[in-house]
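Values quoted throughout were computed directly from the atomic coordinates according to the rules given, and no laboratory measurement underlies them. Because the structure is a prediction, the values reported are computed rather than measured. Backbone-built Cβ (ideal geometry, glycine too); neighbour counts: all protein chains shown.
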Amino acid sequence: MSPTAAATSKRGSNSNDYGYSNARIRGMRARLLKKERLEHLLGVTDMQPLIQELMQTELAPFLEDTLIHGHTAASVDEALKNNLVATYRKVLGFLNDEAFNISTTLLGRWDVFNLKTVVRGKHLHLMAEEISEGLLPVGMLSQVDLDGLIGQGDIRGVVDLASTWELPQAPALRSGYLEYQKTGELADLELALDHYYADWAAQRLWVGGLQLVAALGALALFRHLLPSPGAAVRIHTVSADGAPRFRHLLERFRDVTGLPFLVNTSFNGLHEPIVCSPRDAVRVFYGTGLDVLVMSQFVLTK
């Protein structure tokens, strides 16, 4: 088990009271740079005056650590990244168990991203420093953990160390590596990690007794259906009391496919308003590529 995983497995309170954590987060938010200050900083054209102004903010300790390598944009960028990582670590430290589970599940997407970055670097034979520059350790894998993985000689070494540490991603890495060995295609290994995350997130998040895939996991699965790369997935949960028939549909779909969710979209023809009557629904159904139309107790098929 990695040092970080061992530490986070020993968290304390079982309380699900959000009052304390919300108060802490509000206090942290109050110290963020205000809009006017950010707009002013955007107008600073030279690096040195920008650094001097940032040294008057809470970024100062992080800048002091990175500016020893030079007063450059790269040093400022590294300081901002380190501040972001420290902020996430701080927040995770005071969350209750329920919030911690949800937050670490969402941030787990970054663990997958970082593992992909490491194996890509090994695939391309990059230097350790080049790989490390592309990491953002805000998930459960710390920079120390990731440095250990980067220090392995090749992808096989990364997979073996992940297995030794008993990382949750290790089975996906092993299966993906076997495909990678056969095809030489890194996409096979990356796809195995994506599938791992979707399944892992679905198992960890449980809302109203129904499994739920986190928004980031859903994006990975449905990206080809979204209108743009930056589009968001808004999740709606369905209780057994509120909509029992639709709840049953979701459960049956889960039993058949293993995926406890459906993609919802508007019911309308191209450049038309949303249907507003049964007659309109039937017209759009036969004028589009839909296969089945369900209206109350009626089911139409083509």
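Computed from label points 7 Å out along Cα-Cβ, the spacing between residue 24 and residue 286 is 6.2 nm. Once each part is reduced to its C-alpha centroid, what is the distance from region 103-158 to region 29-93 in angstrom? Here the two parts' Cα centres lie 24 Å apart. In this structure, residue 239 and residue 297 have a Cβ-Cβ separation that, at R0 = 22 Å, corresponds to a calculated FRET efficiency of about 0.50. Net charge in the neighbourhood of residue 197 (other residues with Cβ under 9 Å of its Cβ; Lys, Arg +1, Asp, Glu -1) is -2. Each Lys and Arg contributes +1 and each Asp and Glu -1, all at the Cβ; summed about the Cα centre of region 61-199, the dipole is approximately 80 debye. Note on residue 181 and residue 147: the model spin-label points, each 7 Å out from Cα along the C-beta direction, lie 3.1 nm apart. For region 3-202, the relative contact order is 19 percent, taking Cα pairs closer than 8 Å that sit 6 or more residues apart in sequence and dividing their mean separation by the residue count. Please give the net charge around residue 64, taking every other residue with its beta carbon less than 14 angstrom from that of residue 64, where Lys and Arg add +1 and Asp and Glu add -1. So the surrounding residues net to -3. Across every pair of non-identical alpha carbons in region 64-134, the mean reciprocal distance, once inverted, gives a Kirkwood radius of 14.2 Å. Each Lys or Arg adds one and each Asp or Glu subtracts one; over the other residues with Cβ under 13 Å from the Cβ of residue 293, this totals +1.
Going by a ≥ b ≥ c, the root eigenvalues of the Cα gyration tensor, does region 3-202 fall in the rounded group (a/c under 1.5), the prolate group (a/b larger than b/c) or the oblate group? Verdict is oblate for region 3-202.
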